[in-house]
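The values are calculated or read from the model by the stated rules, or taken from the named source; none is laboratory data. Fair warning: this is a prediction, and the values are worked out from it, not measured in the lab. Cβ placement follows ideal geometry from the backbone for every residue including glycine, while neighbour counts extend to all protein chains displayed. Areas reflect the complete protein model, heavy atoms only, side chains present, ligands, DNA and RNA absent. Shrake-Rupley method; radii C 1.70, N 1.55, O 1.52, S 1.80 Å.
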Amino acid sequence: MECSATSAYTMRDVPMEERPRERMLRAGAGALSNAELLAILLRTGTINESAVALAQRLLIEAGGLRRLVEMNTEQLTALKGIGHAKALQVQAGIELGKRLVRTAQPETVTIRSPHDVSLLMMEDLRYLQKEHFVCLFLNTKNHVIGQETLSIGSLNASIVHPREVFLAAIKRSSASIICVHNHPSGDPTPSPEDIDITRRLVEAGSVIGIDVLDHVIIGDLTSVSLKELGLM
């Protein structure tokens with residue numbers, strides 16, 4: 001159960017020079033450790049721990065910052081000292097970080113290379129624990145006019161069907177599409193199933209008149225293009 005601010009071990013119990021907010025004011029956010037930044041989000045600790053000590057323990061029990069990003073509300077509240085309020089504060093901070101990355105993109109996104117696809121989709125897909133198959137819909141100038149997640153789960157022919165892919169593309173009057181999906185393992189090496197589905201989509205697109213420009217697989221801070229690999 002989460003302690004209230006009145007009963008918790010708060011930042012007032014920590015020497016002034018060691019308080020994260022004061023350090024941030026004095027030296028800037030870049031000078032703070034992950035635990036100190038997390039402590040600012042948590043605001044208070046518990047009866048026996050300061051916010052910084054709670055943040056340090058949270059990072060250790062979560063398995064590091066990367067694992068913390070992946071945790072849902074239920075997993076966070078299962079940790080001692082983390083109630084729903086603190087869990088939601090942490091998740092809100094993480095979501096703002098993700099959105100900040102996305103706002104670095106121009107309002108009209110133009111795809112000129114697989115690298116552009118990776119920049120657009122990396123932060124949305126790299127943390128996911130299941131495979132998400134996403135289509136980017138492009139106009140004749142290769143501007144992204146929409147995107148849609150068409151399946152979640154292991155990528156195979158029974159989940160990703162050309163019918164659903166091109167129905168979504170036709171609804172948006174797309175000139176072409178780019179397929180994107182993630183590998184939760186972090187290794188973007190295409191599987192035989194990835195290659196097979198890509199070729200089926202390319203064949204269907206050629207009949208319909210909507211080009212499949214590429215299929216980009218997102219790993220952990222890395223990606224591969226089946227087009228560049230000569231697999232489509």
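Quick notes
- Once the Cα-Cα distance is subtracted from the 0.36 nm per residue extended length, the residue 100 to residue 200 segment shows a gain of 32.4 nm.
- Cα gyration tensor category, rounded, prolate or oblate, for the stretch 121-232 with a/c compared to 1.5: prolate
- Cα-based radius of gyration for the chain, normalised by 2.2 N^0.38 Å, reads 1.27.
- Lys-Lys pairs in the chain that are eight or more residues apart or on separate chains and whose Cα atoms lie under 24 Å of each other come to 5.
- DSSP-defined antiparallel bridges as percent of all bridges, the chain, nearest 5: 70 percent
- Of 20, 219, 58, farthest towards positive along the dipole that unit charges on Lys, Arg, Asp, Glu beta carbons give the chain: 20
- Spin-label model distance (nm) - residue 171 vs residue 143, 7 Å beyond Cα toward Cβ: 2.2 nm
- For the set 191, 173, solvent exposure ranked by accessible area (probe 1.4 Å, protein chains only) runs largest to smallest as 173, 191.
- Taking a Cβ cut-off of under 10 Å around residue 61, the surrounding Lys, Arg, Asp and Glu residues balance to a net charge of +3, with basic ones at +1 and acidic ones at -1.
- The residues neighbouring residue 173, those whose beta-carbon lies less than 15 Å from its own, together hold a net charge of +1 under the Lys/Arg +1, Asp/Glu -1 convention.
- Alpha carbon Rg of the stretch 34-75, scaled by the compact-globule rule 2.2 N^0.38 Å: 1.09
- Using Cβ point charges alone (K and R +1, D and E -1), the dipole size of the chain about the Cα centre works out to roughly 520 debye.
- Most to least accessible of 161, 115 (protein chains only, probe 1.4 Å): 115, 161
- Residues residue 128 and residue 211, FRET efficiency given R0 of 35 Å [Cβ-Cβ distance, rounded to 0.05]: 0.85
- Within the stretch 106-208, the trypsin sites (Lys or Arg not before Pro) that combine a DSSP coil assignment with at most 12 other C-beta atoms in a 10 angstrom radius are 112, 130, 141.
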